[in-house]
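See structure below.
The values are calculated or read from the model by the stated rules, or taken from the named source; none is laboratory data. Quantities reported herein were computed from a predicted structural model and do not represent experimental measurements. Virtual Cβ from ideal backbone geometry, glycine too; neighbours counted across all protein chains shown. Protein only, heavy atoms only, side chains kept; ligands, DNA and RNA dropped before computing areas. Shrake-Rupley method; radii C 1.70, N 1.55, O 1.52, S 1.80 Å.
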Amino acid sequence: MKFDTVIIGGGLAGLLCGIRLLEQGQRCAIVSRGQSALSFSSGSLDLLSHLPNGEAVADIKTGVEALQSMHSPHPYALLGARRVRENAILAQTLLADCGLHLQGDVDSDHQRVTPLGTFRRAWLSPTEIPLKPATNLSIGVVGISGFLDFQPPLAAASLRKRGINASAEEIDLPVLDKLRDNPSEFRAVNIARLLDKPENFSELYRALLPLSRSYDTLYVPACFGLADSAVFNQLNQQLSCPIFLLPTLPPSVPGARMQHLLQQRFSRSGGVWMPGDEVTGADIEQHRVTKLWTRKHEDIPLTADNVVLASGSFFSNGLIADRTRVREAVFALDVLYGEKRESWYRDDVFDAQPWQQFGVITDERLRGKRGGETIQNLYVIGSVLGGFDAVAQGCGGGVCAVTALAAAEEIAASGGGK
Ligand SMILES: Cc1cc2nc3c(=O)[nH]c(=O)nc-3n(C[C@H](O)[C@H](O)[C@H](O)COP(=O)(O)OP(=O)(O)OC[C@H]3O[C@@H](n4cnc5c(N)ncnc54)[C@H](O)[C@@H]3O)c2cc1C
């Protein structure tokens, strides 16, 4: 099977890259083994909130310039401030085109409210997610009885500590009784499958109505809206006060929606989506990937002018750690990691963890290397890359989006675009 580009991994990075390549007229396939990190994410995307030394970043241009001046291996430092900013703006347009209604902008980030009732800086957030509220508002943080993946008393107490007048409330929804019988099934995504049904709207509405008369704003767990904002919009039209949604413990409804809409756009634009398959190996000749072997297609290789590796970090087995080393799983690419295992971790789990920065090393065009030699047609994007800490530096989603679009740009510039 011959394509212009084959992408390994269909998470945020792989899908954004694929959608952009299709826009450039490429014939493109994505092979993706399993669920991506999006299903476990908040649905908000971070661009760059902190430098490796812990200093807060004022704006993306000065942030990237600071990374460069400290010779950081961060992928942004490789690309430079102009390309990071331009591709972040392009990502905003592309995400909006896919039907994702996101607030925030590369030049004006925001503080979102987290499920723990704290405030966290973000680049883009679903419009349903609340931003840091004014202190004069009374806020009801509403749980669903029996649902343990969202804790209103915790969130409300934390908001009160930050000067916000918040109280915990609970609603009972008998329509969910069939899920309640099995606690492992009583999760946000399964609840959403029921609450998204039009016939269940009135029960949800009736449960929230009295609370909406007692508060200025309600925060409700993100347990509806798998495909769109219909229920959210209808509630906001009919209740007596505005409501917002807080992400729950995974699986995450806002993350699942992002995955669904990007996947839908990729397939509708003519991309070949190969779910449940995995790239198990590759032939490399004269510093070029010539064949990809997959588990399902056995002896029929995939061939392509260019290959993009978007296989994710340890979480998705794009990177694998054994006792003494860290390796990239498909091509055995050169990886940045600490020589001694003791240097991989810090004892305090709340410290920035060195292993978070482990990942693939590339050249300035994002091409992977093996034994120090660049593989000419293999681009590496997203969280399989090394040199950054998505958590401590607040840049996970941004690195994925920016490197995905930068790789598509590189492929077009190399004559890969049509
Ligand atoms: C649990 C979690 C929560 C996060 N939350 C946030 C957040 O809220 N905001 C934020 O900005 N960032 C967050 N991040 C950072 C996160 O890494 C990125 O935002 C992003 O979603 C990662 O996307 P990715 O495409 O690089 O990799 P992934 O989402 O990990 O996707 C990689 C895909 O490749 C597939 N794959 C792997 N190997 C193969 C193979 N050999 N063949 C075929 N397919 C393969 C995997 O099955 C997976 O589907 C989070 C990360 C994690 C782990």
On the accessible surface of the range 344-418, probed at 1.4 Å with all protein chains in place, carbon and sulfur together account for a percent value of 50 percent
Output for the range 274-324: GluC sites (Glu not before Pro) sitting in coil per DSSP, at most 10 other Cβ within 10 Å, listed by number, reads 298
Contour minus Cα-Cα span, residue 1 to residue 205, at 0.36 nm per residue, comes to 68.3 nm
Once normalised by the length of the chain, the mean sequence separation of its alpha carbon contacts under 8 Å that are 6 or more apart gives a contact order in percent of 24 percent
Checking the range 99-190 for trypsin sites (Lys or Arg not before Pro) in a loop per DSSP with at most 16 other beta-carbon atoms within 10 Å yields 162
At the level of C-alpha centres, the distance separating the range 64-93 and the range 301-357, in angstrom, is 21 Å
Percent antiparallel among DSSP beta bridges confined to the chain, rounded to 5, stands at 45 percent
The answer for the chain, accessible area per residue at 1.4 Å probe in Å², is 43 Å²
Dividing the helical contributions, -39500 (n - 2.57) per DSSP H run of n ≥ 4, by the residues of the chain yields a 222 nm value, nearest 500 deg cm²/dmol, of -9000 deg cm²/dmol
Loop-resident trypsin sites (Lys or Arg not before Pro) in the range 238-303 with no more than 15 other Cβ atoms inside 10 Å, DSSP not H/G/I/E/B, are 295, 296
Inter-part gap, Cα centre of the range 6-43 to Cα centre of the range 229-249, in whole angstrom, is 29 Å
